[in-house]
Amino acid sequence: MKKLLGAVLIPTFLAACGSGISTNTDFDPAVDFSGFQTYAWLPAGNGMDDGSGVHANQLTDSRIRSAVEANLNAKGLRKVSPDQADLGVGYQVTAQDRVQYNTVSTGWGGMGMGSSQTYATNYTDGSLILGIFDAGEKKMIWQGVATKTLSENPDQEERTQTINEAVAKLLADFPPYVN
């Protein structure tokens, strides 16, 4: 069930993350990022998979990888084979169901002549987690998380555009301290 949920919701998240997306990044300040010149995608089971069974479908995977590669290439990093890479890159997608409660009051509540009603709104937050690892040290040195409330039925163009926007926003300040 969780795999099916991920296959349906994650592409929806990625299509929804264009506007209103929140991002958070973190990195190891002891690492000199200026020396890294090459990267490669980490193989499956790369430490970015938490075993939840929520995975991007092949189309979404391709869009994420293309967006990440375009951004890293624009920063002067070259994609190479894993055994020659300075950096390893991996990602994970997650989805979390949430409920928001809103109470609406009517009338004159202070005089006992009013009422209130609470409405529940169900929604799902989706996240794209991007991890970058020092291939030599085999440790994570940078992580970015983009989160957005999922929308329904995005088209192909919207999915591609918003994935590109999410990845660009995540990698805007990567690598840290390097101009």
Backbone N under 20 Å from the Glu69 label point (7 Å along Cα→Cβ), restricted to the range 126-158: 129-133, 135, 157
Separation between Cα centres of the range 68-108 and the range 118-168, rounded to whole Å: 3
Overall Cα dimensions of the range 89-179, principal axis frame, Å, largest first: 70, 31, 25
Lys/Arg +1, Asp/Glu -1 at C-beta; the range 64-179 dipole; positive extreme among Asn102, Asn73, Pro175: Pro175
Residue-normalised accessible area of the range 54-179, expressed per residue, 1.4 Å probe, Å²: 60
HN-Hα J in Hz across the range 75-88 - Karplus 6.51, -1.76, 1.60, θ = phi - 60°, x for Gly and Pro: 8, x, 8, 10, 7, 9, 5, x, 6, 10, 7, 6, 10, x
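The values are calculated or read from the model by the stated rules, or taken from the named source; none is laboratory data. Just so we're clear, the structure is a prediction, and the values are computed from it rather than from any experiment. Using ideal geometry, Cβ is built from the backbone for each residue, glycine included, and neighbour counts are taken over all protein chains shown. Heavy atoms of the whole protein, side chains included, go into the accessibility calculation; ligands, DNA and RNA do not. Shrake-Rupley method; radii C 1.70, N 1.55, O 1.52, S 1.80 Å.
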